[in-house]
Amino acid sequence: MTETETFYSADVARQKWEQAARVSDELRLAREAPKLSKSQRQLLRQHSEVKSIEPDIIAYLLSTGLVRHSTTATSALMELAPNDKVYESASLDEHVRAFHLLTAILPMEMLSSISASLCTEYVSRASHNAFSIRPTADGDHSGEFLGYGVWPEASFFNHSCNPNVRKVRNGRQWSFTVARDVEQGEELCITYLGGEEKELDVVERRKRLQTEWGFMCGCERCQKESATNGVNRKADD
């Protein structure tokens, strides 16, 4: 039987993270206790089990925690735009379980980098800024989905449905090169749709971008196609 995923508003998500922080405090006290009580043993056992948690979620929270002490890396991540509605399209319960797991098993000296507030910041910034990783090096959305990663500097590229920059992945690194001649003053843009923009019409592209990245595309191609096809575009403030 498939478990039904529940989505939460920003207010409910904040309350759940506050509750998660209280559980985290109990886990830390248990780990620091010279002698565990029965309830503390049960608490640690309960939250030390890896179950119903996507490995990618654990890996992301762990990796961001590991670079927490690197000022440059952390600052770059925090400069990305957060998504306050991230838990309307992601599993809050799973992120909380991953947070509790890491609190229960990581070395004590690392726990200051894996707090509830930091996890919230990490996840909200990954939501609209992560790059999917697939077997193809050109970033196209073809082939099996292998995971995702956040490259803060690369995330500052805006989207265009007719991009003038192509991206190529080589292992853990991305290379960005111009795909055509660029006019003076023209913004450098990549595609967020991984090549699928070539086949989708303006309505389909805008729907996908609104759903997955939270904006209505107003690139030159979309404006031309919407004008030709009589598609109205709401102002995106």
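Observations
- For segment 165-202, the tally of residues that are buried (at least 17 other Cβ atoms within 10 Å of the Cβ) and part of a loop (DSSP other than H, G, I, E, B) stands at 4.
- Only one of 66, 43, 36, 29 that is at pLDDT 80 or above, in contact with a Leu (Cβ under 9 Å, 6 or more places away or on another chain), of a type in the set (A, V, I, L, M, F, W, C) and surrounded by fewer than 18 Cβ atoms within 10 Å (Cβ to Cβ): 36
- The set of residues from segment 161-187 being in contact with a strand residue (DSSP E or B) (Cβ under 6 Å, 6 or more places away or on another chain) and closer than 27 Å to residue 86 by Cα comprises 163, 167, 174.
- Per the listing 86, 96, the residue uniquely at pLDDT 85 or above and not acidic (Asp, Glu) is 96.
- Options 158, 164; residue that is closer than 14 Å to residue 129 by Cα and without any contact (Cβ under 8 Å) to a residue 60 or more places away in the chain: 158
- Some residue of segment 112-131 being small (Gly, Ala, Ser), within 14 Å of residue 59 (Cβ to Cβ) and at pLDDT below 85: yes
The values are calculated or read from the model by the stated rules, or taken from the named source; none is laboratory data. None of the values given here were measured: they were computed from a predicted structure. No Cβ is skipped: glycine too gets one built from the backbone with ideal geometry, and neighbour counts run over all protein chains shown.
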